Amino acid sequence: MEQEIQLIIRKTIAAVGMELNVIPRNTGVNMMYDFIQHCILVDSDRLLSAKDEMKNGFPLNEYVQALTLHELGHALDRKALLASLPGTREVIELKRKHDQQELYSSTHLLKKLVDENDQDYLFEETAWNHAERLNNTYQLVSTTCMVQMKLHGLATYQQAFSKDRIIYDGLVAAETALIDE
């Protein structure tokens, strides 16, 4: 199955005229664009289980092509991803220096996490928009598949980031209330 998945990915990359290496790697993420090495990493086992988690299941070929287009969308945004690296390193360092209690009780620290989340969401949205444009040009997957995959992918990020945003908004509201008193 891994060979079949890799073949679909390589054919999709070739179909849109791009060149990236595809590297199998057990990352726990179905597929990801490594913007530093400019390659696509694929975890076939996770990809298959993620496909099964989708409510509106699509054939493997279409599912993998849509995901590949999304990762290629990230590749098209590589300069912005590389430019974000210093900020990402700063957030990683914050997480190393501060425990969760400290991070989630300081508006200053939590703001950095929320800003990073917002940037990551924007990168995801941009990648899906690029993927849709690629698909409109090359007609590889159905519009229904592309829209459903985009909505599902973005919802996953919204869900993951909503906790930080809610806590941050609560901290800001509490601080504002104290100032207003």
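The values are calculated or read from the model by the stated rules, or taken from the named source; none is laboratory data. The shown structure was predicted, so the numbers you read here are calculated from the model rather than taken from an experiment. For neighbour counting, all protein chains shown are included, and Cβ atoms are generated from backbone atoms with ideal geometry for every residue, glycine included. Just the protein is used for accessible areas: all its heavy atoms, side chains included, with ligands, DNA and RNA removed. Shrake-Rupley method; radii C 1.70, N 1.55, O 1.52, S 1.80 Å.
Quick notes on this structure:
- Dipole of the range 29-181 [Lys/Arg +1, Asp/Glu -1 at C-beta], most positive-end residue of His98, Ile167, Ala80: Ala80
- Of the solvent-accessible surface of the range 90-181, computed with a 1.4 Å probe over protein heavy atoms with every protein chain present, carbon and sulfur atoms account for 53 percent.
- In nm, spacing of pseudo-spin labels at Ala83 and Ser106 (7 Å Cα→C-beta vector): 2.8 nm
- Within the shell of other residues whose beta carbon sits under 14 angstrom from the beta carbon of Met1, the net charge comes to -3, with Lys and Arg scored +1 and Asp and Glu -1.
- Neighbour net charge for Arg10 - beta-carbon separation under 12 angstrom, K R +1, D E -1: -1
- Near Ile23, the amide H atoms lying under 5 Å from its own belong to Ile40, Leu41, Val42; only residues 5 or more places off or on other chains count, and H is placed 1.01 Å from N.
- Estimated from helical segments only, the mean residue ellipticity of the chain at 222 nm is -25000 deg cm²/dmol, where each DSSP H run of four or more residues counts as -39500 (n - 2.57).
- Option label - volume of the Cα convex hull per residue in Å³ computed here, alternatives (i) 200; (ii) 126; (iii) 138: (iii)
- For the chain, the number of Lys pairs with C-alpha atoms closer than 18 Å, counting only pairs eight or more positions apart or on separate chains, is 9.
- By DSSP, the beta bridges lying fully in the chain are antiparallel in about 50 percent of cases.
- Accessible surface ranking that places the most exposed of Ile23, Ile179, Ile5, Ile36 first, with a 1.4 angstrom probe: Ile179, Ile36, Ile23, Ile5
- Measuring nothing but protein heavy atoms, the accessible surface of the range 23-85 at 1.4 Å probe radius is 52 percent carbon and sulfur.
- Fraction of alpha-carbon pairs over 20 Å apart in the range 14-84 - percent: 30 percent
- Net charge of Cβ neighbours under 13 Å - reference Gly28; Lys, Arg +1; Asp, Glu -1: 0
- Probe 1.4 Å, protein heavy atoms only - accessible area per residue of the chain in square angstrom: 57 Å²
- Residue among Tyr33, Ala15, Ala127 farthest towards the positive dipole end of the chain, charges placed on Cβ: Ala15
- Dipole moment magnitude, nearest 20 debye, the range 13-149 about Cα centre, only Lys, Arg, Asp, Glu C-beta charged: 160 debye
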